[in-house]
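Trainee: Got a structure for you, questions after.
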């Protein structure tokens, strides 16, 4: 279905990179070149093939070539380099293709990885003859979990034709949401716009130069836009839709973006790497409530936690027990409120803090902090404490220079006027904005323990800090 | 000259703002001096931050009153 549609649009633009468009025809030629190359090396049906790079015509063509040959793709970014061996081992990768900085096929190195450890899930999956996709999710234990998808099943979601968008490929190539965006572009005849980095200046520049109509992003990146102010320097008039997901949207951020780009539609999205991306609809532009579901998805709420049953479920985890019960339901771990058939996301169950027996949702506190003057980003997390179990702590970034101690006290008093006392951060640290986001432009929320008393004791230096 | 005691009292008042605890008796438990458990936790964290120490779970009894905190810190400083 995907390749037929691409062929039918041969002369139309498929991708945009470095100021130039690549047509579907041009992309399919690159796919064919990769296919020949892969087949010559014996890479074909059932082969697990990892590649490290970012969106570009040749990286995308490689993924499509692996798909067409019935192989299993493991897209990675250069950021995965540090834990690369573990990811390759979990996935049972047989080949690793590394792209050089220009992301061209000519500069790519193709390395065999030797005989991988047998993985029962992959062995069973190979028997289907379907192309596969492996993505990783950071497990609650800290060890990455490999997720195996049937690529045919993932593509099934795009069977019904929809309008294509000129879309910034913002979510990274190793992220299920990123692959979902790319496949939507290619399936619906949109244009995927490749960006070299996810900084506010470069993303806004790409919107302007490629006349992007859709920016799928995260609340954290929108806060980065707000903090940088560079969005004012670029022509964003082509934008029609900004979608956001991956983490709860603070009300203050939604209000700001609504005012900053008043003619742009705003839409919250929801998905999980294990289940796919659901269709969503909000009653109004600035609402945090949304109806989720769509063809192939069922939802239910159990103890305020969202459960989903999906036709595009993953095949399974490669290195962990399945989280999907025998009836096909998965506990998403996302706490929600429900009203009139719509949900509002409160945060992850794993992120809920327990302060002396009382629950604190970090997103609620962050939302209040973001309403304070001069605060452009806020991250709330728990620190283990002997007396209360956990103490609420926050990191904030400010728009302008301000004495850190004075700012912390101002913000604490601001929170005291608006939140129950147990929700008010006990420690507020002022940091640079960049310290609050990871390479996926997602908030880095330090949850739980923090340094142990013993670790902190190592730092004792009272004599360097006399009264 | 600012003493450890002056400093500890200041930290407690700052941690409890805008409320004003009664610190007229430094031997009295802080939790009986107008501080609730949240104020008290904040005091402990302020002491940790200011003196760059970590208060272990089993050390809470050493930080129950102004006198105890001062005594512990003086011992640590070697004053």
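The values are calculated or read from the model by the stated rules, or taken from the named source; none is laboratory data. Just so it is clear, the structure is predicted and the values come from calculations on it, not from any experiment. Heads up, the Cβs are rebuilt from the backbone with ideal geometry, glycines too, and the neighbour counts pull from every protein chain shown.
Trainee: With the requirement that a residue be under 20 Å from residue A:389 (Cβ atoms) and either facing another protein chain (nearest Cβ under 7 Å) or part of a loop (DSSP other than H, G, I, E, B) (or both), what does region B:29-39 give you?
Mentor: Within region B:29-39, B:35, B:36, B:37, B:38 meet the criteria.
Trainee: Name every residue in region A:382-405 that is away from chain B (no Cβ under 14 Å), in contact (Cβ under 8 Å) with a residue 40 or more places away in the chain and buried (at least 20 other Cβ atoms within 10 Å of the Cβ), in order of residue number.
Mentor: Scanning region A:382-405 gives A:395, A:397.
Trainee: In region B:1-19, how many residues are modelled with pLDDT of 90 or more and either more than 16 Å from residue A:383 (Cβ to Cβ) or outside any helix (DSSP H, G or I) (or both)?
Mentor: Of the residues in region B:1-19, 13 are modelled with pLDDT of 90 or more and either more than 16 Å from residue A:383 (Cβ to Cβ) or outside any helix (DSSP H, G or I) (or both).
Trainee: All but one of (1) closer than 15 Å to residue A:38 by Cβ; (2) outside any strand (DSSP E or B) hold for residue A:86; state the number of the condition that does not hold.
Mentor: Every condition holds for residue A:86 apart from (1).
Trainee: Name every residue in region B:46-64 that is under 19 Å from residue B:17 (Cα atoms) and surrounded by 20 or more Cβ atoms within 10 Å (Cβ to Cβ), in order of residue number.
Mentor: If the condition is that a residue be under 19 Å from residue B:17 (Cα atoms) and surrounded by 20 or more Cβ atoms within 10 Å (Cβ to Cβ), then B:47 is the only one that fits.
Trainee: Could you check how many residues of region B:41-62 are closer than 12 Å to residue A:387 by Cα, at the interface with another protein chain (Cβ under 10 Å from one of its Cβ atoms) and part of a helix (DSSP H, G or I)?
Mentor: Number satisfying all stated conditions: 9.
Trainee: Just give me the residues in region A:274-287 being within 27 Å of residue A:174 (Cα to Cα) and assigned to a loop (DSSP other than H, G, I, E, B), in sequence order.
Mentor: Hits for region A:274-287 are A:274, A:275.
Trainee: Please verify whether region A:34-42 includes one or more residues that are under 23 Å from residue A:148 (Cα atoms) and at pLDDT below 95.
Mentor: yes
Trainee: Just to be sure, is residue B:64 under 10 Å from the mean Cα position of the chain (by Cα), closer than 29 Å to residue A:358 by Cα and at pLDDT below 90?
Mentor: Here the answer is yes, as residue B:64 does meet what is asked.
Trainee: Next question. Give the number of residues within region A:318-355 that are outside any loop (DSSP other than H, G, I, E, B) and out of contact with any strand residue (DSSP E or B) (no Cβ under 7 Å at 6 or more places or on another chain).
Mentor: Number satisfying all stated conditions: 2.
Trainee: Can you go through A:417, A:449 and tell me which one is within 14 Å of another protein chain (Cβ to nearest Cβ) and at pLDDT below 85?
Mentor: On inspection, the qualifying residue turns out to be A:449.
Trainee: Next question, about the same structure. Quick one: count up the residues across region A:385-421 that are in a strand (DSSP E or B) and under 29 Å from the mean Cα position of the chain (by Cα).
Mentor: 9
Each row is one residue, and each column tells you yes or no for (1) in contact with a strand residue (DSSP E or B) (Cβ under 9 Å, 6 or more places away or on another chain); (2) touching a residue at least 24 places away in the same chain (Cβ under 8 Å).
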{"position": "A:68", "(1), (2)": "no, yes"}
{"position": "A:74", "(1), (2)": "yes, yes"}
{"position": "A:82", "(1), (2)": "no, no"}
{"position": "A:101", "(1), (2)": "no, no"}
{"position": "A:113", "(1), (2)": "yes, yes"}
{"position": "A:121", "(1), (2)": "yes, yes"}
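Trainee: From the list A:288, A:225, A:239, A:266, exactly one residue is in contact (Cβ under 8 Å) with a residue 12 or more places away in the chain, surrounded by 21 or more Cβ atoms within 10 Å (Cβ to Cβ), in contact with a strand residue (DSSP E or B) (Cβ under 8 Å, 6 or more places away or on another chain) and assigned by TED's automatic domain parsing to the domain that holds residue A:183. Which is it?
Mentor: When all the criteria are applied, what remains is A:239.
Trainee: Of the residues A:220, A:167, which single one is part of a helix (DSSP H, G or I), touching a strand residue (DSSP E or B) at 6+ places or on another chain (Cβ under 8 Å) and under 25 Å from residue A:75 (Cα atoms)?
Mentor: Going through A:220, A:167 in turn, the sole match is A:220.
Trainee: OK, next. Just to verify a result, which residue in region B:1-28, among those that are surrounded by 14 or more Cβ atoms within 10 Å (Cβ to Cβ) and touching a strand residue (DSSP E or B) at 6+ places or on another chain (Cβ under 8 Å), is farthest from the other protein chains (Cβ to nearest Cβ)?
Mentor: Ranking the candidates gives B:28 first.
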